[in-house]
Structure formats: structure tokens, C-alpha cells
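Working notes, beginning with the structure itself.
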Amino acid sequence: MARLAQTPGLTDVQQSILETVREFVDKEIIPHAQRLEHDDVYPADIVAGMREMGLFGLTIPEQYGGLGESLLTYALVVEELSRGWMSISGIVNTHFIVAYLVSQHGSAEQRERLLPRMAAGEVRGAFSMSEPGCGSDVAAIRTKAVPDGGDYVINGQKMWLTNGAYSTVVATLVKTDLGADSVYGNMTTFLLEKAPGFGENELLPGLTIPGKIEKMGYKGVETTEMVLDGVRVPATAILGGSDQAGRGFYQMMDGIEVGRVNVAARACGISVRAFELAIAYAQQRQTFGVPLVKHQAIAFKLAEMATKIEAAHGLMVNAARLKDAGRRNDVEAGMAKLLASEYCAEVVQESFRIHGGYGYSKEYEIERLMREAPFLLIGEGTSEIQKTIISRGLLKEYGVLRER
């Protein structure tokens with residue numbers, strides 16, 4: 001086992017899960033990732049393998065057919081999957097967030113109906129907050145749900161849905177005019193249950209997934225828009241039931257906290273892979289009669305890369321363990337996401353430089369990582385958003401900024 005990114009205090013079960021996933025990554029993901037990514041092909045066989053291993057139900061309670069594992073276990077699994085190919089972790093990530101939301105905030109009926117099928121991978125989740133005109137500025141959401149009898153009618157357009165087509169339940173944050181003093185109290189999360197596929201949805205008329213958004217990286221997994229034109233859903237589609245209308249923002253922020261731990265884990269996984277590629281290449285490639293690694297400049301780069309990986313991994317593990325302990329981790333998750341994503345970009349670029357001209361070739365894996373790493377600087381909130389969250393949390397903790 002490699003020295004980097006080790007986690008002390010794991011149970012035998014956690015270690016067994018990670019060993020199984022690591023073997024799966026080495027045998028079933030890494031050998032195929034380059035071809036699938038360059039062709040932008042959905043990795044159906046890999047997804048089937050993850051389903052057989054029970055990864056879609058990793059954190060779902062055992063009473064609903066899942067493995068009942070912790071956020072830490074999930075984050076470490078994501079780290080391993082991302083070491084193989086970041087897109088694979090994306091397929092399971094939004095599913096995990098929706099399963100978490102249903103587990104923590106869903107009604108008894110929603111939990112009983114959805115979680116067993118989510119654990120089996122039969123129902124797949126997607127998560128929708130962003131819109132064409134807003135990303136991190138959640139208050140600017142314009143998609144609106146209007147009561148009509150016992151139903152709600154939803155109109156608007158959502159953006160950047162990972163698993164937008166293959167998912168069958170989309171946790172969707174919209175505006176609902178409830179007369180609350182704060183804009184955040186006028187937001188509601190709906191569980192939109194749909195058929196998989198592109199185009200207008202046969203199961204939920206008015207909902208359309210237009211097609212894939214072409215991206216510089218993060219290929220294989222589809223990213224889509226979602227158009228909502230007169231979509232009619234019952235009040236029971238509200239996450240937690242009709243009496244939870246107006247709680248959507250707070251529910252989604254709970255999901256985002258675990259999502260930020262996930263992004264940090266992805267960044268750690270990519271960084272580990274970039275380091276593995278760099279240290280292997282530096283021992284094979286010779287310049288001026290000696291291997292690259294014999295040059296102090298290259299050896300120092302490797303030392304700095306490894307140190308950054310250890311620092312990012314430690315923050316990620318800490319944020320996950322805080323959440324598992326039932327403690328608020330918004331500041332720690334923000335710190336983990338900030339440091340891990342920024343360090344990931346730096347580590348990948350250093351690996352790219354060590355590869356020299358070969359790093360620019362599509363035959364070398366580092367070329368793909370160079371296109372994947374920038375996404376982590378944006379996903380689940382930019383670095384600037386993380387700094388805002390961290391600074392506000394610190395000011396509250398140290399008594400300077402009071403709740404209004």
C-alpha cells in the first residue's frame with residue numbers, strides 16, 4: 001500500500017471496503033479511463049460493477065438495504081474512485097447527496113419508498129440548485145413553484161445537473177412565495193421523479209433534459225440543463241412532505257456540506273494519481289545521463305507535491321469525521337474543499353511539468369488530469385465562496401459577527 005493519504009483509526013470493515021475499491025480501480029477503471037474519457041462514453045460496465053459492490057447504497061442505513069457506512073468511509077471511497085477517474089466519482093456523488101437528503105430530511109413515506117431502490121442502484125439521484133443566471137448566489141434562483149389545488153406547478157430552468165439524464169429522482173431547489181421575511185425562507189426542495197433519458201420526460205410531462213453540455217473535462221458522466229415548463233407535482237413531492245415547504249434552502253445547505261467533503265476527496269484522489277504518475281515518470285525518464293528524480297529540482301517538486309497531498313487529505317478526513325460526529329462542519333468542509341482543490345491544481349500542474357512535452361500528449365494520463373482538476377476549483381462553490389464561508393464562521397466563533 002502506498003505511503004501517502006493514509007487514514008489512521010479505520011475499522012476492519014472500512015479497510016476491507018477500501019481495499020476492494022482500490023483493487024476495482026486498478027483493474028476496472030484505470031486501464032479504460034483514457035479511452036472512455038476521450039470518447040466521452042458513459043462507463044456503463046464500470047457503473048454496473050459499482051452497483052454490484054453496493055456502492056450506491058454505501059451510506060444508506062441498513063434498514064433500507066444499504067451498508068450504513070459513515071461519511072468518512074464514503075469520502076475515502078470517492079478518493080479512491082477519483083484516483084482512477086474523476087467522472088466515476090461524479091456518477092455516485094449526486095446520488096449520495098440525494099440519498100443523504102432523503103435519509104436526513106425525507107418523510108417516512110419517502111424514505112421507505114426511495115431508499116431501498118436507491119441502495120440497489122435502481123433509482124439514481126441528481127441534485128439541482130444552479131440556474132443559467134446564478135451559481136453560488138442561491139438567492140437569485142428564479143425557478144418557481146406555485147400552489148394549484150393540492151399540487152404545485154413548477155416553471156423555470158436549471159443548470160449543471162450531473163447525472164441529469166441517467167437520474168430518476170432530482171432534488172430541486174425552487175422559489176415558493178410563502179410570505180417569509182427572508183428569501184431563504186421562501187425556498188422549497190422538491191423530489192422530481194422522472195424517467196431516465198434525454199428529451200421531454202414521459203413520466204413527468206413538462207420536464208425536459210435537452211442534451212449533454214460539452215465540457216473540456218469531466219467527460220463520460222453527463223452534465224445537463226433541466227427545463228421545467230408547467231411541471232405538475234403533488235405537495236407530497238416536497239422533501240420531507242408538505243409541511244416542509246420553505247425549508248428547502250436549509251436542507252440543501254446540509255447536503256452541500258457533505259458535497260464539499262466529497263469535492264475535497266475527489267481533489268485528493270486526483271492529486272494522488274498525479275503524484276503516482278510523476279514519481280514513476282521521474283524514475284524512468286533520463287536527462288543529462290541520470291534519471292529525472294536525481295535532479296534536486298525534480299526531487300523537491302515531488303516532496304512539495306506529497307506534502308500538499310497529506311495536508312489536503314488530513315483536512316478532508318477531519319471535516320468528514322466532524323459531520324459523522326453530528327457536529328456542524330461548514331467551516332471545516334470549506335477549508336478542506338478550498339485547500340484540496342487549490343493544491344490539486346498545483347500538484348497536477350507540477351506533474352504535468354515533470355512529464356515535459358509528453359504531458360501534452362493525449363497518450364499520457366496527465367493530459368486528462370490537467371483538464372479535470374480545474375473543475376474542482378468551481379464545483380460546490382468557488383474558492384472565493386469557501387473563503388467567505390470560512391471567514392464568516394470564524395468571525396461568529398470569535399464573537400465579532402453576530403447573527404442577525
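The values are calculated or read from the model by the stated rules, or taken from the named source; none is laboratory data. Predicted model only: the values in this text are computed from it and were never measured. Quick reminder, even Gly has a Cβ in these numbers, built from the backbone with ideal geometry, and neighbours come from all protein chains shown. Areas reflect the complete protein model, heavy atoms only, side chains present, ligands, DNA and RNA absent. Shrake-Rupley method; radii C 1.70, N 1.55, O 1.52, S 1.80 Å.
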*Kindly provide the set of residues from the range 39-55 that are of a type outside the set (D, E) and either open to solvent by less than 40 Å² (accessible area, probe 1.4 Å) or touching a residue at least 24 places away in the same chain (Cβ under 8 Å) (or both), ordered by number.*
V41, Y42, P43, I46, V47, G49, M50, R51, M53, G54, L55
*asked:* Looking at L315, L338, L292 in this structure, which one is over 26 Å from L10 (Cβ atoms) and at pLDDT 95 or above?
replied: L292
*Within the range 1-23, how many residues are at pLDDT 95 or above and within 20 Å of the chain's Cα centre (by Cα)?*
4
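For (1) open to solvent by 10 Å² or more (accessible area, probe 1.4 Å); (2) modelled with pLDDT under 95; (3) closer than 28 Å to V221 by Cβ, each residue gets a yes or a no:
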| site | (1), (2), (3) |
| --- | --- |
| A140 | yes, yes, yes |
| V146 | yes, no, no |
| K158 | no, no, yes |
| A171 | no, no, yes |
| A180 | yes, yes, no |
| V183 | yes, yes, no |
*Residues within the range 267-281 that are open to solvent by less than 10 Å² (accessible area, probe 1.4 Å) and under 18 Å from the mean Cα position of the chain (by Cα), tallied*: 5
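In the range 1-38, what count of residues is obtained for those that are closer than 23 Å to A165 by Cα, touching a residue at least 60 places away in the same chain (Cβ under 8 Å) and open to solvent by 30 Å² or more (accessible area, probe 1.4 Å)?
Summing the residues that are closer than 23 Å to A165 by Cα, touching a residue at least 60 places away in the same chain (Cβ under 8 Å) and open to solvent by 30 Å² or more (accessible area, probe 1.4 Å) in the range 1-38 gives 2.
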*Going through the range 56-76 one residue at a time, which ones are more than 16 Å from T7 (Cα to Cα) and touching a residue at least 60 places away in the same chain (Cβ under 8 Å)?*
F56, G57
*In the range 266-289, the residues that are at negative phi and either assigned to a loop (DSSP other than H, G, I, E, B) or modelled with pLDDT under 95 (or both)*: R285, Q286, T287
_Looking at F96 and the list (1) touching a strand residue (DSSP E or B) at 6+ places or on another chain (Cβ under 9 Å); (2) over 22 Å from A325 (Cα atoms), which single condition is not satisfied?_
(2)
*Taking helices (runs of 4 or more DSSP H) that fall entirely within the range 303-404, which contain at least 2 residues that are of a type in the set (V, I, T) and free of Cβ contacts under 8 Å to residues at least 12 places away in the same chain?*
none
*Is at least one residue of the range 60-80 in a loop (DSSP other than H, G, I, E, B), closer than 20 Å to G269 by Cα and at pLDDT 95 or above?*
yes
*Here is a list of conditions, (1) touching an Asp or Glu at 6+ places or on another chain (Cβ under 8 Å); (2) open to solvent by 30 Å² or more (accessible area, probe 1.4 Å); (3) closer than 21 Å to N262 by Cα, and E350 meets all of them except one; can you say which number that is?*
(3)
*Could you identify the single residue in S341, S361 that is hydroxyl-bearing (S, T, Y), open to solvent by less than 40 Å² (accessible area, probe 1.4 Å) and under 22 Å from T94 (Cβ atoms)?*
S341
_Among (1) closer than 22 Å to D254 by Cα; (2) crowded, with 18+ Cβ neighbours inside 10 Å; (3) touching a residue at least 40 places away in the same chain (Cβ under 8 Å); (4) not aromatic (F, W, Y), there is one condition I154 misses while meeting the rest; what is its number?_
(1)
*Go through the range 224-237 residue by residue and tally those that are open to solvent by less than 10 Å² (accessible area, probe 1.4 Å) and of a type in the set (V, I, T).*
3
_Given (1) touching a residue at least 12 places away in the same chain (Cβ under 8 Å); (2) surrounded by fewer than 23 Cβ atoms within 10 Å (Cβ to Cβ); (3) among the polar types (S, T, N, Q), index of the condition N93 fails_ = (2)
_Of the criteria (1) open to solvent by 30 Å² or more (accessible area, probe 1.4 Å); (2) farther than 30 Å from S87 by Cα, which one K215 fails_ = (2)
*Kindly indicate which of Y100, Y152 is under 14 Å from the mean Cα position of the chain (by Cα), farther than 30 Å from A274 by Cα and not hydrophobic (A, V, I, L, M, F, W, C).*
Y100
_Members of the range 238-265 found to be open to solvent by 10 Å² or more (accessible area, probe 1.4 Å) and either in a helix (DSSP H, G or I) or closer than 30 Å to A2 by Cα (or both), listed by number_ = S242, D243, Q244, F249, Y250, M253, D254, I256, E257, R260
*Here is a list of conditions, (1) among the charged types (D, E, K, R); (2) open to solvent by less than 50 Å² (accessible area, probe 1.4 Å); (3) in contact with a strand residue (DSSP E or B) (Cβ under 6 Å, 6 or more places away or on another chain); (4) under 19 Å from I256 (Cα atoms), and K194 meets all of them except one; can you say which number that is?*
(4)
_Subset tally (residues that are open to solvent by 10 Å² or more (accessible area, probe 1.4 Å) and either of a type outside the set (S, T, N, Q) or within 17 Å of the chain's Cα centre (by Cα) (or both)) for the range 382-393_ = 8
